[in-house]
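Each remark here refers to the structure printed beneath this line.
Derivation of every value follows stated rules applied to the coordinates shown; laboratory data play no part. These numbers were taken from a predicted model, which means no experiment stands behind them. All Cβ positions, even for glycine, are placed from backbone atoms using ideal geometry, and neighbour counts span all protein chains on display.
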Amino acid sequence: SPDGREIVFSGQAINNHGEGESLLYIIDTQGGNLRVIPNVTYYMQPAWSPDGEKIAYVQNEGNDLLNIMTINTDGSNLQQLTSSGGSGPAWSPDGRKIAFGSTRDGKKNIYAMNADGSNQTRLTSNDRDNHSPCWSPDGRMITYSSKDNINVYSALEVMNADGSNPFKII
């Protein structure tokens, strides 16, 4: 959590039928006060909002369709932000935007959207698979990983938050 007191993570619980069910948990950093965030199943990659009020995560909709969702930490106000795929949500430092990866246009590219899901904009347009966006502390830049066409070479790249001026770091 932004205040350093809690950790959000995904895990599987076994139900009465012996089947695994993915759940979202919050636990304090001392290992106590474990709680399940209600109304969330089949999810992964949780990320705290900078104000600590919301969590963005990836919901598995089945058939390999993954979408970005947000929910308040108490389980209220569940919202689906994407409908054509998304993974690896990363909040901007001011909490107004979320960067994410998506294969909606073929290759995996980095996109950004407003925190309410509006204004989804493609930021990368190269011939590589781009994933794992991360905002700079001042919100002006986004780093991401990219792989070439045969998924052998992985690089770390950076661009302005609007997608302009991309360049490879390593």
Sequence-distant residues sharing a close amide H with residue 115 (under 5 Å, placed H): 97, 98
Given (i) 16.7; (ii) 17.7; (iii) 19.3 as possible values of Kirkwood radius over Cα pairs in Å, the one from the coordinates is (i)
Charges at C-beta only: +1 for Lys and Arg, -1 for Asp and Glu. How large is the resulting dipole of the chain about its Cα centre, in Debye rounded to 20? 400
Rounded to whole Hz, the Karplus (6.51, -1.76, 1.60) HN-Hα couplings of region 154-170, x for glycine and proline: 10, 10, 9, 10, 9, 8, 5, 4, 8, x, 7, 6, x, 8, 7, 8, 9
Mean separation of Cα contacts under 8 Å (at least 6 apart) over the residue count of the chain, i.e. the relative contact order in percent, is 11
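For region 100-170, what does the relative contact order come out to in percent, with C-alpha contacts under 8 Å and a separation of six or more? Mind showing how you got there, number by number?
Working: 142 pairs, mean separation 15.1, N = 71.
Relative contact order of region 100-170: 21 percent.
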Quick one: how many lysine pairs does the chain have with C-alpha atoms less than 16 Å apart and a gap of 8 or more or different chains? Give me the count, please. 4
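Of the listed peptides 140-148, 70-78, what is their order by residue-averaged count of other C-beta atoms within 10 Å, with the highest listed first?
Taking the mean over residues of other Cβ atoms within 10 Å, the ranking is 140-148, 70-78.
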